[in-house]
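Below: the structure, in structure tokens.
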Amino acid sequence: MLATTFALLAAALGVSGHYTLPRINSGSDWQHVRRADNWQNNGFVGDVNSAQIRCFQSSPAAAPATLNVTAGSSVTYYVNPSAYHPGPMQFYLARVPDGQNINSWNGDGAVWFKVYHEQPNFGSQLTWPSNGKSSFQVPIPRCIRNGYYLIRAEHIGLHVAQSSGGAQFYISCAQIAVTGGGSTEPPNKVAFPGAYKASDPGILININYPVPTSYKNPGPPVFTC
């Protein structure tokens, strides 16, 4: 009964708490970020097997511009208005294959490697560093190869994730061109869809009651140089 009460309260509070991830660095909204399907309604992806789980686009389309980035630096990714719900922020990169155009490449196949994820703070409730924040630093590993990349930004709302399909995925993909890098090819690449299952312990989880004492992020481990 208590768990149900927590879940209903979380659902009620979350009705107006949706958001988008529309901007990187000093650009304007949807300038370097591919316009996501939720650009007008702030909705989310609920099905990890949907094609939208990649970049939140039913019909893939390029961003108007691509941002130049130096390997070893970071990119600021913005949430509008903020990452309201409890849950982890995660970032992935995927390199556009040589000879292909970033404006027509859609990130198909096992090409994505994770560069960041966060763990919660444990106590009387789970809280994540991202909760309530509106900007995040995305590390661009210094050792990766030069070239064009997509950044996949993902915030997972876990406030009603105690039943299958309850987790809410807020996603977008930005276009960048990386220079000053090395020659490392990251391991543990995954595909979207395919990287997640609805039953993954970091996706199907009751964070309200009883309060968990551990959390396993969905997806591969974070790549570091």
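Throughout, read-outs are computed from the coordinates displayed, never taken from laboratory work. These numbers were taken from a predicted model, which means no experiment stands behind them. Heads up, the Cβs are rebuilt from the backbone with ideal geometry, glycines too, and the neighbour counts pull from every protein chain shown.
Restricting attention to the chain, lysine pairs at least eight places apart or on different chains and with alpha-carbon atoms under 16 angstrom apart total 4. When its C-alpha radius of gyration is set against 2.2 N^0.38 Å (N residues), the chain gives a value of 0.99.
In percent, what relative contact order does the chain have, based on Cα pairs under 8 Å that are 6 or more apart in sequence? Normalised by residue count, the contact order of the chain is 27 percent. Shape index of segment 146-216: Rg/Rh, with Rg the Cα radius of gyration and Rh the Kirkwood radius from the inverse mean 1/r over Cα pairs, equals 1.10. Angle of helix 2-14 to the longest C-alpha principal axis of the chain, folded into 0 to 90 degrees and rounded to 10: 50°. With contacts taken as Cα pairs under 8 Å at a separation of at least 6 residues, segment 181-225 carries a relative contact order of 47 percent. For the listed peptides 190-196, 121-127, a ranking on the average number of other beta carbons within 10 Å per residue, highest first, reads 190-196, 121-127. Local charge for residue 76 was computed over the other residues whose Cβ lies under 12 Å away, with Lys and Arg +1 and Asp and Glu -1, and equals +2.
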